[in-house]
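First comes the structure, then the notes that go with it.
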Amino acid sequence: MSGKSGSPKYFVTLAATTLGGMESQAERVNSSLIGYEFRLDHLKESENLEHRLRQLAVRLRFPQMIATCRRKTAGGLFRGTVGEQVEILLSAVRAGCQWVDLEVESLDRLRLETLLEFRPAKIIASYHNYRKTPALTPIYRHLARLPVQVVKVAAYARNLCDNLRVFRLLKSRRKKRSQKLVAMALGPSGLPSRILGLRSGSLFTYASPGDHFAVAPGQLPVEVIGQVYRADRLNYRTELYGVVGSHASYSLSPAMQNAAFQAKHLNAAYLPCETNRLGDFLDFARQMGFVGFSVTMPFKRPIIRDLDWLDPLASEIGACNTVAVERGKWLGWNTDAAAVVEVLTKRLRLAGSRLLILGAGGAARAAAYALRAEGAQVILAARREASARRLARTLSAEVVPWGSADGLDVDAVINATPVGSPPQVGAVPIDLARLRVRVVFDMVYYPLQTRLLAEARSRGLIAISGLEMLVAQGARQFEIWTAQAAPRALMEQAVRAALSHSPTR
């Protein structure tokens, strides 16, 4: 993970009110292959800082260290003067920090003689914009005129195409050896820049020591960026895939699909692409040369108009969750439908079965069409009864009022609503005490053990977690994209690992 310059590819940002707290964070990820950024502006007191920081460096076995003391006016916590900021950073240099980060707001007020005092440490001239991504070239040129060794540019991505500005800046400086550049887009929509930044020429990138310790918006845990995405191993031959949706940064699909790519030794990466505008993603995907992607809410229906071909079942359902790009053509499928059939077929004979589907959204539509095609009798119940009736008319399905669905006698009930997932954890969509049923299938996969599934198991019913469907539909996506058998057990293992340390959504 170390570059020719001797710098690590990942710097883990440590931020706590005490150096002891920072040390605890560092111990979570202690490795000779990473460096640490010490956010000294988070400390409650800086007395005897030089000695204490030197002792910490010894205990951490002398890693590469960046000292940062971000002032309040530049997005940090330090309320002192620029002179006091400089004194703290000089103490850090004397303690052994090889790098010093100074924001442009402070650098513009410092004399050359002051900057020379930081030698032999290298100075990182940094610019941060936490609201938007402006034109980056003028900003870079201003920073590059300063007597510093590294320029850092970080700006908030309001959309996916803001990542392209970062990539263009990195590309324009790729062959310039006199000054190094670190660049990234902040926020959920900026995640692609963090994952592909090293590939594009960024000297290094930043990561957090864990899910709950991110300082900057969009900062990924070092374990995720290094092991799930392998950001330091990606190159311009890496095939790009992704998942697009309004909450794609929470998706478990990157963990699942990247594990599959690694297991099959494929030079491919699967990225989270969060946006509220489908057109934004389409422009981004085309310019980045995506070869396939997953589609999640709210774009499963709108994506259809941009496809060159759509699988007949997906066309009938009216929703697409999988796109492959072949010879410039965008081809679409719905793997949710096949996954529902696969999961239920293991437990009961679908032909002639009575199946109750709760909900009338995209997931319910896919399940209803797929199960009707298998000869099952479908009964729909939704809080939006009008939506359920519209769906039922296209399927010759039955509709029952939401409040009376639990009085039925059915072979299986399928929860295709978000009830049971955050923020509705602990809620159930139906009263199993009144429903006569053998199989309970909850499409919710976070948490793994919903209250609905817990009650089903306590009653001796067959309980199916949404995790099984997630893996089944993801495996079919992988097979469409690669024409290889999906490593399903490994994909499930990756999802379980991601869920085990996933922050509350």
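We did not get these values from a lab; they are worked out from the coordinates using the rules stated. Here the structure is a predicted model, which means the values were calculated and not measured. For neighbour counting, all protein chains shown are included, and Cβ atoms are generated from backbone atoms with ideal geometry for every residue, glycine included.
Apply the membrane-span-like helix rule to the chain: whole DSSP H runs, Cα extent along the own long axis of at least 20 Å, mean Kyte-Doolittle hydropathy at least 0.0. List the helices found. It would help to have the intermediate numbers written out before the result.
Numbers: long enough: 466-482 (24 Å, 0.22).
Once both thresholds are applied, what remains is 466-482.
Run the simple label-point estimate for Asn235 and Glu84 please: 7 Å along Cα→C-beta, distance reported in nm.
Those two pseudo-labels are separated by 5.0 nm.
Between Ser172 and Asp431, what is 0.36 nm times their sequence separation minus the Cα-Cα distance? Round to one decimal in nm. Working shown, then result.
Details: separation 259, 0.36 × 259 = 93.24 nm, distance 6.09 nm.
Taking 0.36 nm per residue and subtracting the Cα distance, the gain is 87.2 nm.
Using a Förster distance of 25 Å, how high is the FRET efficiency between Arg301 and Leu395, based on the Cβ-Cβ distance and rounded to 0.05? Don't skip to the end; give the middle numbers.
Numbers: r = 17 Å, r/R0 = 0.67.
The value I calculate is 0.90.
Report, in debye and to the nearest 20, how large the dipole of the range 1-82 comes out about its Cα centre when Lys and Arg carry +1 and Asp and Glu carry -1 on their Cβ.
Dipole magnitude for the range 1-82 comes out near 200 debye.
What's the magnitude of the charge dipole for the range 356-503 around its Cα centre, counting Lys and Arg as +1 and Asp and Glu as -1 at the beta-carbon? Answer in Debye, nearest 20. Display every interim value, and only then the final one.
Details: 16 positive and 12 negative charges, 47 e Å.
Value, rounded to 20: 220 debye.
Exposed loop sites here are chymotrypsin sites (Phe, Trp or Tyr not before Pro) in DSSP loop states with at most 16 other C-beta atoms within 10 Å. What is the longest stretch of the chain lacking them?
On the way: sites that count: Tyr130, Tyr236.
The answer is 237-505.
Using the Cα atoms as the points, what is the convex hull volume per residue of the chain in Å³?
Numbers: hull volume 78.3 nm³, N = 505.
So the per-residue Cα hull volume is 155 Å³.
Suppose we take every Cα in the range 152-251 and form the convex hull; what volume per residue is that in Å³?
Numbers: hull volume 10.1 nm³, N = 100.
Each residue corresponds to 101 Å³ of Cα convex hull volume.
Which one of Ser396, Ala483, Ala154 has its Cα pushed farthest toward the positive end of the charge dipole of the chain, where Lys and Arg give +1 and Asp and Glu give -1 at the Cβ?
Ala154
Post the alpha-carbon centroid distance, the range 5-64 to the range 149-206, in whole angstrom.
Cα centroid to Cα centroid, the span is 24 Å.
Hey, if you put +1 on the Cβ of every Lys and Arg and -1 on every Asp and Glu Cβ in the chain, which of Ala405, Ala231, Trp99 ends up farthest toward the positive end of that dipole?
Checked the options; the winner is Trp99.
Please report, in debye to the nearest 20, how large the charge dipole of the chain is about its Cα centre when each Lys and Arg carries +1 at its beta carbon and each Asp and Glu carries -1 there.
Numbers: 67 positive and 42 negative charges, 249 e Å.
Its charge dipole is roughly 1200 debye.
What FRET efficiency comes out for Arg349 versus Thr114 if R0 is 56 angstrom and r is the Cβ-Cβ distance? Round to the nearest 0.05.
Numbers: r = 79 Å, r/R0 = 1.42.
Given R0 = 56 Å and the Cβ-Cβ separation, E is 0.10.
List the aspartates and glutamates whose Cα lies under 14 Å from the Cα of Lys72, skipping any in the same chain that are fewer than 8 positions away.
Qualifying aspartates and glutamates at Cα under 14 Å: Asp41, Glu84, Glu103, Glu105.
Near Ala207, within a Cβ-to-Cβ distance under 9 Å, what is the net charge of the other residues, with Lys and Arg +1 and Asp and Glu -1? Don't skip to the answer; put the middle values down first.
Details: positive: Arg194; negative: Glu223.
Local charge sum for Ala207: 0.
How much net charge surrounds Tyr156 when only other residues with a Cβ under 12 Å from its Cβ are counted (Lys, Arg +1; Asp, Glu -1)? Provide the component values of the computation, followed by the final result.
Details: positive: Arg131, Lys132, Arg158, Arg165; negative: Asp162.
Charge balance in the 12 Å sphere: +3.
First measure r as the distance between the Cβ atoms of Arg61 and Arg457, then evaluate 1/(1 + (r/R0)^6) with R0 = 41 Å and state the FRET efficiency to the nearest 0.05.
The value I calculate is 0.25.
For a quick check of your reading of the filter: which trypsin sites (Lys or Arg not before Pro) in the range 10-108 sit in a DSSP loop and have no more than 16 other Cβ atoms within 10 Å? Mind showing how you got there, number by number?
Details: sites: Arg28, Arg39, Lys44, Arg52, Arg54, Arg59, Arg61, Arg70, Arg71, Lys72, Arg79, Arg94; in loops: Lys44, Arg61, Arg70, Arg79.
Counting only loop positions with at most 16 other Cβ atoms within 10 Å, the trypsin sites (Lys or Arg not before Pro) in the range 10-108 are Lys44, Arg61, Arg79.
Thr18 versus Asp211, label points 7 Å from Cα toward the beta carbon: distance in nm?
2.6
Using 17 Å as the cut-off for backbone N distance, which residues of the range 463-500 belong to the label zone defined by a point 7 Å from the Cα of Leu266 along Cα→Cβ?
Correct set: 471-495.
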